[in-house]
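Some notes on the structure that comes next.
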Amino acid sequence: MVASIAKLKVEDLKVAYGDKQVIHGISYEIPPNEIFGVIGPAQSGKTSMLRVINRTIEFTPNAKVSGKIEIDGEDAFRMKDVYGYRRRIGMVAPLPVGLPLTIYDNVAFAPRSFGMKDKDQLDALVQKCLEQAALWDEVKDRLDSLGTKLSGGQQQRLTIARALSHQPEVLCLDEFSIAIDPVTTMKIEDVLKELRESMTIILVTNLVQQARRLAKRTMFLLNGELVEEGDTEKMFSGDADNPKTNEFVSGAFG
Ligand SMILES: Nc1ncnc2c1ncn2[C@@H]1O[C@H](COP(=O)(O)OP(=O)(O)O)[C@@H](O)[C@H]1O
Ligand SMILES: [Mg+2]
């Protein structure tokens, strides 16, 4: 059952680049404080969907979007303050994108640009975000060294800390574990279990079992079509509504 007030509601979302349609009208709702899993092979439209949700698809001139997205019941596409809106949505890309800055400044960058100047306040926020990303203990003695000198797994956690520095309500993760080792992946999965207490998480994952471990509900996207969306356990139990889902989650796909 979906709670009556959705954190995010997507209605008949369609996306095309030029005349190539890549999302064919998908609808779903995500209740607050849940991890919502998104699975599907490459080119299914997963990243495009996230870029619609945080409204960065508007940077792509030939992208055409129709349908509706509501956040807390408000129409996201009609919000005049796009920057204010984007701050409410955190985004973690598949590969860590560190700014060529110190560890501290990577996390302080966004809050400073929103006007936070007080050193104690910034220090506290940087520490909180690094703690939430399970990176604080490893970097607290070298906050002044370059973020790009960290290991891949640490950089991905730094990316998460940066996403959290906006204090987002919705955190989108796009295949965050594609370039990191299983131990770091598990560490970040634990982080996500903590974070869902305070935010709504959209977990696009290349590891279908990761959706099973973390997501209450999961959506299976295939070639821009929503094949199935529902209770994760049901989808993974071999009892999915659509045979294609059973095939995909059991790894028999393609
Ligand atoms: N900027 C773009 N211009 C044209 N086509 C694009 C662009 N971005 C993505 N696509 C196409 O849209 C389809 C969906 O891509 P994407 O959203 O990245 O899917 P996924 O994340 O599931 O791999 C693919 O066919 C891809 O080539
Ligand atoms: Mg993608």
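Things to note:
- Binning the C-alpha pair distances of the chain at 5 Å intervals from 0 yields a P(r) profile of 1, 6, 13, 17, 19, 17, 13, 8, 4, 1, 0, 0 %, listed from the shortest bin outward.
- Qualifying lysines (Cα of each under 30 Å from Cα of residue 9; at least 8 residues distant if same chain): 20, 46, 64, 68, 80, 128, 187, 193, 216, 234, 244
- Label point distance in nm, residue 148-residue 64, each placed 7 Å from Cα along Cα→Cβ: 4.0
- Point-charge dipole on Cβ atoms (K/R +1, D/E -1) for segment 176-254, about Cα centre, debye to 20: 160
- Helix 182-195 axis versus longest C-alpha principal axis of the chain: approximately 90°, rounded to the nearest ten.
- Angle in degrees between helix 119-132 and the longest Cα principal axis of the chain, rounded to the nearest 10: 40
- Helix 152-164 and the long axis of the chain differ in direction by around 90°, with both axes built from C-alpha atoms.
- Simple point charges give the picture: +1 on the Cβ of Lys and Arg, -1 on the Cβ of Asp and Glu, and for the chain a dipole about the Cα centre of about 600 debye.
- Across the chain, C-alpha contacts under 8 Å between residues 6 or more apart give a mean separation that, scaled by the residue count, equals a relative contact order of 26 percent.
- Between 201, 160, 188, the GNM of the chain built on Cα springs shorter than 10 angstrom shows 188 fluctuating the most.
- Largest GNM mean-square fluctuation among 121, 155, 21, using the chain with Cα springs under 10 Å: 121.
- Taking all C-alpha pairs of segment 1-140, those more than 18 Å from each other amount to 65 percent.
- Projected over every direction and averaged, the convex hull enclosing the alpha-carbon atoms of segment 91-167 yields 4.5 nm².
Read-outs throughout are calculated quantities, based only on the coordinates presented, and are distinct from any laboratory measurement. Worth saying up front: this structure is predicted, and the values here are computed from it rather than measured. Glycine gets a Cβ as well: all are built from the backbone with ideal geometry, and neighbour counts include every protein chain shown.
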